[in-house]
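Notes follow the structure.
FYI, it's all coordinate maths here, none of it is from the lab. Quantities reported herein were computed from a predicted structural model and do not represent experimental measurements. Don't worry about glycine lacking a Cβ; one is built from the backbone with ideal geometry, like all the others, and counts go over all protein chains shown.
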Amino acid sequence: MFEDAPHPEPLFPVDEGEENRAVRLRIWPALLVVALQLGVTFGIILLGSTNIESFVGLVFAPVVGASLLGLWWLIGSRTPMIDRFAGPILIASSLFLVVKAQVLNGPFILAYALPVTTTGLVVLLAGTCRLSWSVQRWLAVGFILSCAVFFSALRVDTIGGNLAPIVSWRWSPTEEERSQSLSRPDVHGTAELPPNVGSADWPAFRGRNRDGRLAGVSFSTEWSTPPREVWRRKVGPAWSSFTAVGEYVFTQEQQGGEELVSCLRAATGEDVWINRIAAKYDDAMGLGPRATPVYSEGKLYTQGATGWLQCLDASTGAVVWKRNVGEDAGAKVPGYGFSSSPLVMPDRIIQFTCGGDGKSVISYVRATGEVGWLSGHGTSGYCSPHLAQLAGIPQILMVSDFGMQAFNPETGASLWENAWKVRDNPRCVQPLVFDDKHVMYGATGVMGSRMLSIENKSGACEVTEEWNTKKYRPYFNDGVFHKGFCYGFDGDRLACIDLATGERKWDGKRYGGQLLLLVDMDILLVLSEAGDVALVQAVPERLNEVARFKAIHGKTWNHPTVANGRLFVRNADEAACFELAGFKAAP
């Protein structure tokens, strides 16, 4: 009885022969997009230096490329309409699941998963263009799902200096699990320290004067046979480096939920004593303490990542006093942990707090740990307080997100300041003071560096900016000065800068990592981010690498240490000591 009833028109008319007709993909626009994207990415890998340039190659180029490929797929691919909508939904869903599968640092996995999935898919479709669309479709679905499974099996542990994610298999131990599994029983030995720091010791962060320079020593640079390995051992995660005094070295580590301060025998790597405190800090950059211990007159001063500042008996590790710099300044733990190495002065300890206006730098009475003064503007920074004598006036330099400030060591009163604010990445490198009136400092990303001149005008400091340059853009890799030139890192490339003009004399290999200067040898010792140790001539004519060997494995941001004929290196996983043949030190 319903034979004469009208049939409603379908809402979306379908061409019944669409699925049966041969689908010929218009693939050339997609191949063009992929070629351009790969050109930008690999061009930056070859030519770029800074983390901002790395961001363009790792994130911006793949996102733009994926967007253009999505546009091509929807309006120019000639695929059936249902596939034009189902394809992007499938890719987006698979990438979402890959990100959700990460415990920490989830979005970083997209730096690999997005370009591999989209680029690989285009290559697959181009390579199977002679097959029927029904076969191509299921090959594409299988590829997308395979990528999802593969990248879900990876875990982002941390990121490198160029922002690239560092990954491992999901079933391998995490950094925290490795930290918890370290067998570090309590040790309560006694270090027989010398009465005075020797000329070949390394008693503080970046050496005696916090400038990365070691004078009065020499050793053989003939490394056709690498330096003899004295010892190697596992250590807990941390970005602390070694402090070396006499026959002992000191560092910080993380073991489970405890921060350790460790004293090791320099000749064997064996534990002498361990100081423990209940604290743990972890972020995308890594797990554990950041700061390097400082030795002075039988005491060791350490800064933990959650704020605990300790004065320890360097012979036994016993606590003399401890304070929490965050609590004392009313500051929260910053987004990368408390990182500054304490500045030790005859009667006080100076530390950066990230506390903001009026309380970003704090002074403690050295003998008791009582709070002395609070001062300064900075709310963010990875730098350590720096003692200098500029224009004949003793002063403490502090580099932060505000710029640079100088303080009277006794009162905390501001002597001068140079505002140069940064917002995103924290300033990390130490100021470079190379004579009695000049100081250079840099900023993150592409902002470059400034040279300041300090003049004494009737007892007051007058600051003049002599030059600025974008040819030297340090991130977290410290530099040194030598004979009128700065040797450091433009991004992650080693570079030489004329201190008189700011002109770049040369740049070259992408070492990353950290370095120190052997003054009498005119040699830079570079510990690369990959764990290689290289000797490079400190000359302005050209970059000349003299020697290189593989020292340790894994991401290495810790500063190297040369002391008493030995080279000490470490990262978040292992530490090693090497003998420097032919070592000589001035008395």
Projected onto the charge dipole of region 28-156 (unit charges on the beta-carbon of Lys, Arg, Asp and Glu, signs +1, +1, -1, -1), the Cα from LEU58, PHE143, VAL33 with the largest positive-side position is that of PHE143
Note on region 252-404: contact order normalised by length, alpha-carbon pairs under 8 Å, 6 or more apart, percent, works out to 14 percent
In whole Hz, the Karplus estimates of ³J(HN,Hα) for region 399-413 (6.51, -1.76, 1.60; θ = phi - 60°; x where Gly or Pro) are 9, 8, 5, 5, x, 10, 10, 10, 10, 5, x, 7, 10, x, 5
Residues meeting the amide H criterion for ALA547 (H placed from the backbone, H to H distance under 5 Å, 5 or more places apart or on another chain) are LEU535
In degrees, nearest 10, the alpha-carbon axis of helix 61-75 is tilted away from the dominant principal axis of the alpha carbons of the chain by 10 degrees
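When only Cα pairs under 8 Å and 6 or more residues apart are kept, what is the percent relative contact order across the chain?
Numbers: 1388 pairs, mean separation 66.2, N = 587.
Reported relative contact order: 11 percent.
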Once amide hydrogens are built 1.01 Å from N within the peptide plane, the residues lying 5 or more places from ASN324 or on another chain with amide H under 5 Å from its amide H are LEU309
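How large is the dipole of region 183-585 about the Cα centre if only Lys and Arg carry +1 and Asp and Glu carry -1, each at its Cβ, rounded to the nearest 20 debye? Numbers along the way, then the final one.
Working: 42 positive and 46 negative charges, 113 e Å.
For region 183-585, the charge dipole is close to 540 debye.
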When the charge dipole of region 28-156 is computed with +1 at the Cβ of Lys and Arg and -1 at the Cβ of Asp and Glu, the Cα pointing farthest to the positive end, of ALA101, GLY76, CYS129, is that of CYS129
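About its Cα centre, how strong a charge dipole does region 28-156 have in debye, to the nearest 20, once Lys and Arg get +1 and Asp and Glu get -1 at the Cβ? Write down the numbers at each step before the final one.
Numbers: 6 positive and 2 negative charges, 58 e Å.
Around 280 debye, computed over region 28-156.
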If one compares the long axis through the Cα atoms of helix 133-152 with the longest principal axis of the Cα atoms of the chain, the angle in degrees, nearest 10, works out at 20 degrees
About its Cα centre, region 243-372 carries a charge dipole, from +1 on Lys and Arg Cβ atoms and -1 on Asp and Glu Cβ atoms, whose size in debye to the nearest 20 is 220 debye
For LYS550, counting only lysines whose alpha-carbon sits under 29 Å away and dropping same-chain residues fewer than eight positions off, the answer is LYS234, LYS505, LYS509, LYS584
Taking a straight Cα-to-Cα line shorter than 19 Å from LYS322, and setting aside same-chain aspartates and glutamates fewer than 8 residues away, one finds GLU253, GLU258, GLU259, GLU297, ASP313, ASP347, GLU370
For Cα extents along the principal axes in Å the list reads (i) 109, 56, 55; (ii) 114, 62, 56; (iii) 77, 62, 49; the calculated value is entry (i)
Measuring from the longest principal axis of the C-alpha atoms of the chain, the long axis of helix 28-47 (C-alpha) lies at a number of degrees, nearest 10, equal to 10 degrees
For the VAL135, ARG276 Cβ pair and Förster radius 41 Å, calculated FRET efficiency rounded to 0.05 is 0.05
Output row, site THR225, 7 Å Cα→C-beta label point, backbone N cut-off 17 Å, window region 528-557, residues 548-550
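Find, among the trypsin sites (Lys or Arg not before Pro) in region 294-396, those assigned to loop by DSSP (not H, G, I, E, B) with at most 11 other beta-carbon atoms within 10 angstrom. Working shown, then result.
Numbers: sites: LYS299, LYS322, ARG323, LYS332, ARG348, LYS359, ARG366; in loops: LYS332, LYS359, ARG366.
Passing sites in region 294-396 are LYS332.
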Of all trypsin sites (Lys or Arg not before Pro) in region 20-118, the ones in DSSP coil with at most 13 other Cβ atoms within 10 Å are ARG21, ARG24, ARG26, ARG78
Given Cβ charges of +1 for Lys and Arg and -1 for Asp and Glu, the option among ASN456, HIS559, GLN303 whose Cα lies farthest towards the positive end of the dipole of the chain is HIS559
Long-range amide H partners of GLY160, meaning residues 5 or more apart or on another chain whose placed amide H is closer than 5 Å, are ILE166
